[in-house]
Amino acid sequence: MRFGFHLFMVDPKQHQEIAKTAEEAGWHSLQVADAPFFPEKVSAPYPYTPDGSRFWPLDLPVLDPWVAIAAMAAVTERIRFVTSVVRLAIRQPLLEAKSLFSVDAVSNGRVAMGVGLAWMPEEFKWLGMEKKTRGRRQNEAIQILKLLMQGGYVEFHGKYYDFDRLIMAPVPEKPVPIYVGGTTPPALERAARYGDGWIGVMHPLGEIEQPINELNRLRHEFGRENEPFDIMLHCPDAQTVDDIKRLEDLGVTDLQITPWTMPDTPAEEGVAAFMKQQPPLSEKKDAIRRYADEVIAKIQ
């Protein structure tokens, strides 16, 4: 089992110090968010809160994920960085590949790419992208990223993206894992068919087995059951070593924790209850070290 945590709602000025502390304590990864902008009014509910409301202030500073990763990679040597998640459906895949490959190069291969569809209609409208075709375009975009990782001249002729022979450099020395987010049937199918893993949001222990079983079924259907496949998620009620080993037995490879969260935070309050807790930097660092000593060291 590998352990990581998310930096959403963490002051960007703290990122480098937190990354150094996490690496020194033995954590394995850090997740960074992607949010180009926040519309004042949104015409669709947020999918991960019970009432559909956004739980963050609209002037929350969110760095471009590739800039955030590059800054933290510059002050660390081992820890990995994961985008959670890049809204690939609102981006041009060739340009996104250039950013990904550049960050992979400067981090010495310490990046993984979590991808998602994006949910706000305004993002698609204002960036000139079609929302109705987002899933099919993301399928093609993932294929393009994987094709470009092979190096040399490549071409792609799909329904939504089309280009003749081109070359992009540098390319990763080893393929960058692409983790697909989402719990809908199309998202799970996308992860199983095209992804190197599945990245979840927040799932109680009792809800994890079903999507994992479905992913395994689909991977077998696509003939990919023997390929490496990571499963990364946040499970707030996995608090003991036995709980974590149970997740490991189910196939979870990466457990996301918010180490500075109050231990009595009700899991049913969802991701908002965990992300909104932002103690001072010194308390965050203490919590990062404490969890590493009390849990991570006992699992390794």
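The values are calculated or read from the model by the stated rules, or taken from the named source; none is laboratory data. For clarity, every value in this text was computed on a predicted model and none was experimentally measured. Methodologically, a virtual Cβ is constructed for each residue, glycine included, from the backbone with ideal geometry; neighbour enumeration extends over all protein chains shown.
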Go through P39, P93, P50, P12 for me and flag whichever is out of contact with any helix residue (DSSP H, G or I) (no Cβ under 8 Å at 6 or more places or on another chain) and of a type outside the set (D, E, K, R).
P50
Residue count, segment 136-173 (criterion: in contact (Cβ under 8 Å) with a residue 12 or more places away in the chain and under 22 Å from G116 (Cα atoms)):
19
Condition first: touching a strand residue (DSSP E or B) at 6+ places or on another chain (Cβ under 6 Å) and modelled with pLDDT under 95. Can you find one or more residues in segment 156-176 that meet it?
no
Quick one: S99 ticks every box in (1) of a type in the set (G, A, S); (2) at positive phi; (3) touching a helix residue (DSSP H, G or I) at 6+ places or on another chain (Cβ under 6 Å) except a single one, so which number is it?
(2)
Run R224 past the list (1) part of a helix (DSSP H, G or I); (2) of a type outside the set (D, E); (3) over 28 Å from Q277 (Cβ atoms) and report the number of the one that doesn't hold.
(1)
Those residues of segment 274-286 which are surrounded by 14 or more Cβ atoms within 10 Å (Cβ to Cβ) and modelled with pLDDT of 95 or more, in sequence order:
L281, K284, K285, D286
(1) surrounded by 21 or more Cβ atoms within 10 Å (Cβ to Cβ); (2) closer than 21 Å to M232 by Cα: which one isn't true of A35, the others all being true?
(1)
Test T49 against the stated conditions and say whether it is within 23 Å of Q256 (Cα to Cα), modelled with pLDDT under 95 and surrounded by 14 or more Cβ atoms within 10 Å (Cβ to Cβ).
yes
Could you run through segment 13-28 and say how many residues are free of Cβ contacts under 8 Å to residues at least 24 places away in the same chain and crowded, with 17+ Cβ neighbours inside 10 Å?
0
For P204, state whether it is in contact with a Cys (Cβ under 8 Å, 6 or more places away or on another chain) and either touching a residue at least 60 places away in the same chain (Cβ under 8 Å) or within 17 Å of L88 (Cβ to Cβ) (or both).
yes
Considering only segment 158-187, state which residues are over 13 Å from F101 (Cα atoms) and exposed (fewer than 13 other Cβ atoms within 10 Å of the Cβ).
K159, D162, D164, R165, L166, T184, P185
